[in-house]
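Have a look at the structure below before the remarks.
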Amino acid sequence: MAFNIRHQHGQEFMTFALIFIANHIDKIHILTNETALPLIPRAISLAAILNSVAAFLNSVAAILNSIAAFLNSIVAILNSVAAFLNSIVAILNSIAAFLNSIAAFLNSIVAFLNSIAAFLNSIAAFLNSIVAILNSIAAFLNSIVAILRGCLKSHD
């Protein structure tokens with residue numbers, strides 16, 4: 001874009017210079033006290049030189065504009081690639097978040113199963129205590145039976 005602005009100003013200056021020379025050729029003659037005829041070929045050759053310079057500058061400006069457009073295209077492509085890569089990163093972050101959610105859910109299930117196991121272990125300990133109490137009662141009753149047998153044998 002900067003090349004276009006310079007190019008337009010260059011064209012405006014060249015146009016101004018040519019119009020100025022064409023409009024004031026007779027005034028230049030009065031100032032130099034020469035006839036206008038020798039100045040006209042000089043003005044025409046100066047105009048041709050200025051036109052050639054303007055054409056050259058226009059060519060340079062066109063080349064620079066083409067280079068700028070090419071570079072702008074490369075920047076646009078790189079921006080598209082960056083946007084694409086950002087999309088891939090966002091997708092990968094979403095997948096990672098989903099997998100983390102699954103891991104958290106599985107950890108919750110493991111914690112729940114561990115709680116059930118602890119509860120079942122508590123029930124097993126309670127039942128073992130009941131078995132121990134019943135064994136103690138059985139031993140007590142066996143002791144009573146042994147005592148009663150001993151008493152019965154001593155009566156016989």
Fraction of accessible area attributable to carbon and sulfur, the stretch 72-145 (%, probe 1.4 Å): 76 percent
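Given the peptides 47-55, 89-97, arrange them by the average over their residues of other C-beta atoms within 10 Å, most packed first.
47-55, 89-97
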How far, in nm, would the chain grow between F84 and L113 when pulled straight, counting 0.36 nm per residue and subtracting the alpha carbon separation? 6.1 nm
With every atom except the alpha carbons ignored, what do you get for Rg and Dmax of the stretch 117-156, in angstroms? 17.1, 57
Pseudo-spin-label distance S94 to V131, built 7 Å along Cα→Cβ, given in nm, is 5.6 nm
Volume per residue that the Cα convex hull of the stretch 36-140 spans, once the total is divided by residue count, Å³: 79 Å³
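If the viscosity is 0.890 mPa s and the temperature 25 °C, what Stokes-Einstein diffusion coefficient in µm²/s follows for the stretch 85-156 when Rh is the Kirkwood radius over Cα pairs?
137 µm²/s
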Out of every Cα pair in the stretch 41-97, what percent are spaced more than 20 Å from each other? 59 percent
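The values are calculated or read from the model by the stated rules, or taken from the named source; none is laboratory data. The model shown is predicted, which means the values in this text are computed figures rather than measured ones. Glycine gets a Cβ as well: all are built from the backbone with ideal geometry, and neighbour counts include every protein chain shown. With ligands, DNA and RNA removed, areas are computed over all heavy atoms of the protein, side chains included. Shrake-Rupley method; radii C 1.70, N 1.55, O 1.52, S 1.80 Å.
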